[in-house]
Amino acid sequence: MPFCFLMYIYYHFSAHNKRLQYKVWNLVIQNLPWNGQGKVLDIGTGSGPLAIELAKKFPLSLVWGIDYWGKLWNYSKQKCEKNARIEGVANQVVFQKASASKLPFKNGEFDAIVSNFVYHEVRDIKDKKKLINESFRVLKKGGAFSLQDTLKNQKKFGTIEDLIRQIKEWGVQEVNFIETADEIPMPNFLKFELKTMGLLYGIK
């Protein structure tokens, strides 16, 4: 793929300009069936934008953002905390170093969970369904979830039908799926690049 084209895609989805990226974050929040009271976990928070948006959207919530913050990414706990201070939600957001493959929380600790394009990046677990199951472990019964990733990549997640069937076998009562590119206005060539991306949301 030509370098200029890659840079153009990066520009549209960069956290710095918040054009399509903001719409992608907002898609996660819009489809989270939650009243905003209690604790919500952002799995793979990066530099904290989704966690911060959650705090702003739900002022009665406590938002917990976790990330491994590996060497390949220019993110850190300190950067997240600085971003939260800038946005005026520092007293509402907690950031912690942790891996999505082994969340350091008790079963059913959170009222809601979100994640945005994280599972496919986790390298220590090949079966990405196990990562999703680990996320559901810390979500209480009746809790809300909204999880966005390259879910139509069958090599990583299997078919959507099998994935949804597996999730229901874990005892999750409501699971819905939408394709990211169908929900966000964007040029057709960008839709093609995002053809594997989708969002699972519902109630455990």
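The values are calculated or read from the model by the stated rules, or taken from the named source; none is laboratory data. All values reported here derive from a predicted model rather than from experimental measurement. No Cβ is skipped: glycine too gets one built from the backbone with ideal geometry, and neighbour counts run over all protein chains shown.
So the values come out like this:
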quantity	calculated
Extreme residue, modelled with the highest pLDDT, among residues of the stretch 1-32 that are outside any helix (DSSP H, G or I) and hydrophobic (A, V, I, L, M, F, W, C)	L32
Answer residue from the stretch 46-90, given it is over 17 Å from Y22 (Cα atoms) and of a type in the set (D, E) and is nearest to the chain's Cα centre (by Cα) among those	D67
Per-region count, the stretch 57-74, residues within 23 Å of G142 (Cα to Cα) and not in a strand (DSSP E or B)	4
Every residue from the stretch 75-87 that is without any contact (Cβ under 8 Å) to a residue 12 or more places away in the chain and in a loop (DSSP other than H, G, I, E, B)	S76
Condition met for L41 (in a helix (DSSP H, G or I), of a type outside the set (D, E) and touching a residue at least 60 places away in the same chain (Cβ under 8 Å))	no
Test result for N35, modelled with pLDDT of 95 or more and assigned to a loop (DSSP other than H, G, I, E, B)	yes
Any hit, the stretch 157-179, residues being modelled with pLDDT under 95 and within 14 Å of the chain's Cα centre (by Cα)	no
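One line per residue, one yes/no per condition, for (1) exposed (fewer than 15 other Cβ atoms within 10 Å of the Cβ); (2) farther than 30 Å from E174 by Cα:
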| position | (1), (2) |
| --- | --- |
| G38 | no, no |
| I43 | no, no |
| G46 | no, no |
| L50 | no, no |
| L62 | no, no |
| I66 | no, no |
| Q78 | yes, yes |
| N83 | no, yes |
